[in-house]
Amino acid sequence: MKKMFSFLLASLFLGTFILYLHWQGGLVAISWRDYQLETTVGILFLMLVISLSIFKILTQILYFTFNWRKYNQARHRKKIPEVILTILTSLERGLPKIALEKAKFIQKYSPTAGLGEYFETLALIALNDDEQAKIIFKIMTTFKGVEYLGWQGLARLSLKNDRPAQAQAYAEKALQYFPNSPYALKMIHEQAQALGDYKKAEHALGQLKKIGYFEEDLLREKKGALLAGWAKSLDSQQSHKEALSRAKKAYRIHPGVEEGKILAELHVKLNHRWRAQFLIKRLWKLSPDQELCQLYIQAINPETPLKAYEAIQKLTAQNQEHEISLIVLAEAAHKARLWGATEEYLHQLAKVTKDPTTVNTLEKKLSGYNALN
C-alpha cells in the first residue's frame, strides 16, 4: 500500500510536468505503415507513464492471483498463537475434542513441523487414546527442531502410566535437545526427589532457578522441601549429623512447620534437648500439631504424668485457644488424673471446634484410657 501511494504521487508529479511540456513543447509525429500519430512531447510522455502504471497494476493483480495460497497461509499463520491459547484453555476446561480440532488447524498452517502434532497428542491423552499419542510422540522425536517435544510427550505418558523412572529418563533425553526446557527440568526435579535422588533433584532445581522459572518465595519453598526430604533420607540411613546439617539449611531457607518438625526430631535424636524445646515452642506458635507435642515430651522426658501436663501447659501457653492445644491439654490432664481440668478443656474445645464430632471422639478416646487404667 505504501509503495502504491508513492507510485501514484510520483505519477501525479510527472503528469503535471508532462502537461507543462504539452503547453510548451513542440509536435511529434509517429508513423507505422499507414498509421500516423501526431502529438506533443508532453502528451507522449504522459501516455508512456499511464501505460507503465497500467502494466504495474496488472502485474500486481497477476502476482496476487498466482500467490493466493501463500497470502492465505500467511493470514492463517497470524492466528496460530490465538489457536494455541484456545487449545490450552479447552484442555483445562475438559474439552479435548475442541482442542483436537484446533490442533489440526496448526498442523495445516504452522511452518514448524511437529507443533500441531504435539497439541494433537495432548488432546489424545485427554481422550485416553494413549497408544495413538505414543506413536505420534515417537514420530516427533525424528522432527528436527522439535525433538524435545516428542521426548517430553513420552515422559508425560510414562508419568501418567505410573512409571516415574522411565519418565525421568525421557525428560533427560529432552534436555539433550533443549537444555533449558522448563517442563523437562521440573519433571526431573519432582521425579528425582520422589525417587530419592536428591543430588539430581537439586541440580534440576538450580537450573530452574537460572532460567527464572519459579518466583523467589516458591523457589525457597521448593528448596526447603528438597533439603528436608534429603535430611529425612539421611536420617533413615543413620547419617544423623549430615541429616542435621541438611535440616538446618532447609529451615534457614524456608522456616516452615514441616522443615521445623524434621529439624526438631533430629535435635531430639541427637540429645539437643534445649534446642529442640526452643524450636518446638516457636513452631507451636505458627501451627500447633500433635506430632510437635510428642516431640516436646520426648525432649522434656518428664518423670510423671503431672510433670508432662505442666510441660504441655508451658508449650501451649502462647496458643492455648487453638483446637489442637485444647486436645493435647485435655489428654495430658486426663493422664495426670486431673478430672476437673479435663472437663474444662473439653468444654472449651466444644466452643472453638468447627467439627462437632471432635469432642465426642476425644471423649471416647479418654474413656478408653479409663478402661485400660
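The values are calculated or read from the model by the stated rules, or taken from the named source; none is laboratory data. Quick caveat: nothing in here was measured; it's all calculated off a predicted structure. Counting neighbours? That spans all protein chains shown, and the Cβs are built from the backbone with ideal geometry, glycine included.
One line per residue, one yes/no per condition, for (1) assigned to a loop (DSSP other than H, G, I, E, B); (2) out of contact with any Ser or Thr (no Cβ under 7 Å at 6 or more places or on another chain); (3) over 19 Å from Leu185 (Cα atoms); (4) in contact (Cβ under 8 Å) with a residue 12 or more places away in the chain:
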{"site": "Gln207", "(1), (2), (3), (4)": "no, yes, no, yes"}
{"site": "Asp217", "(1), (2), (3), (4)": "no, yes, no, no"}
{"site": "Lys222", "(1), (2), (3), (4)": "no, yes, no, yes"}
{"site": "Leu226", "(1), (2), (3), (4)": "no, yes, no, yes"}
{"site": "Lys241", "(1), (2), (3), (4)": "no, yes, yes, yes"}
{"site": "Lys249", "(1), (2), (3), (4)": "no, yes, yes, yes"}
{"site": "Lys261", "(1), (2), (3), (4)": "no, yes, yes, yes"}
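Based on what the data block shows, is Ala250 out of contact with any Leu (no Cβ under 7 Å at 6 or more places or on another chain), surrounded by 15 or more Cβ atoms within 10 Å (Cβ to Cβ) and either of a type in the set (Val, Ile, Thr) or under 23 Å from Ser236 (Cα atoms) (or both)?
So Ala250 does not fit the description; no.
From the list Ser51, Ser90, pick out the single residue that is at pLDDT 80 or above and of a type in the set (Ser, Thr, Tyr).
Sole residue among the options that is at pLDDT 80 or above and of a type in the set (Ser, Thr, Tyr): Ser90.
Go through Ile136, Ile106, Ile84, Ile125 for me and flag whichever is in a helix (DSSP H, G or I), closer than 30 Å to Gly206 by Cα and β-branched (Val, Ile, Thr).
Ile84
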